[in-house]
Amino acid sequence: MDLDHARKTLTTELESLDERARFAERTRAETSGDTEEGALGQHPGDYGSEVAEAMDSELLVDTVADQRRLVQEALERVEDGSYGTCVVCGATIDDERLEARPEVATCREHADTPVVT
């Protein structure tokens, strides 16, 4: 994949993730509250729904943060010249994989290999 195209794609994705992060933070703020206090006198089903919503909000914030980290790391690889090279084996990552998932750091063979950064 052309590095300029990769940079543009990753930058666009990062901007999108920034917007999702703002949404996730707003959602978390709306759903966070004193759920223990709300449990008193509240129907158990309603309380359970509030707890589930709060947990979903936390998960959304964490997921978006993880995605942002992967995109930022990919942008760093673009800048240092290692983008498109598998961090596990050093093989070239095929263009089809990079087009589908521009933030990946591994080739198909090592797709399931955990990468510690």
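Any residue at all in the range 76-99 that's in contact with a Phe, Trp or Tyr (Cβ under 9 Å, 6 or more places away or on another chain) and either charged (D, E, K, R) or open to solvent by 30 Å² or more (accessible area, probe 1.4 Å) (or both)?
Yes - at least one qualifying residue is present in the range 76-99.
Just give me the residues in the range 52-71 being farther than 15 Å from Ala24 by Cβ and surrounded by fewer than 14 Cβ atoms within 10 Å (Cβ to Cβ), in sequence order.
Passing the criteria: only Ala52.
Show the residue pairs that are 6+ apart or on different chains and have beta-carbon atoms under 6 Å apart, the first residue being within the range 99-117 and closer than 13 Å to Val71 by Cβ, the second being of a type in the set (Ser, Thr, Tyr) and open to solvent by 20 Å² or more (accessible area, probe 1.4 Å).
That search, which allows pairs on different chains as well, returns Pro102/Thr9.
State all residues of the range 6-49 that are touching a helix residue (DSSP H, G or I) at 6+ places or on another chain (Cβ under 9 Å), open to solvent by 60 Å² or more (accessible area, probe 1.4 Å), modelled with pLDDT of 80 or more and not basic (Lys, Arg); if no residue qualifies, say none.
The answer is Glu13, Phe23, Glu25, Ala29, Glu30.
Pairs needed: first member in the range 51-68, outside any helix (DSSP H, G or I); second member anywhere, acidic (Asp, Glu); C-beta distance under 9 Å; at least 6 residues apart or different chains.
Partner pairs satisfying both residue conditions: none exist.
Taking into account only those residues within the range 100-116 that are surrounded by fewer than 17 Cβ atoms within 10 Å (Cβ to Cβ) and β-branched (Val, Ile, Thr), which is farthest from Arg20 (Cα to Cα)?
Thr113
Taking the residues in the range 79-101 that are touching a Gly at 6+ places or on another chain (Cβ under 9 Å) and assigned to a helix (DSSP H, G or I) as candidates, determine which candidate is nearest to Val115 (Cα to Cα).
Across the range 79-101, the extreme among qualifying residues is Leu98.
The values are calculated or read from the model by the stated rules, or taken from the named source; none is laboratory data. All values reported here derive from a predicted model rather than from experimental measurement. Neighbour counts are summed over all protein chains in view; Cβ atoms, including those assigned to glycine, are modelled from backbone coordinates with ideal geometry. Note: accessible area is taken over every heavy atom of the protein model, side chains too, but ligands, DNA and RNA are not part of it. Shrake-Rupley method; radii C 1.70, N 1.55, O 1.52, S 1.80 Å.
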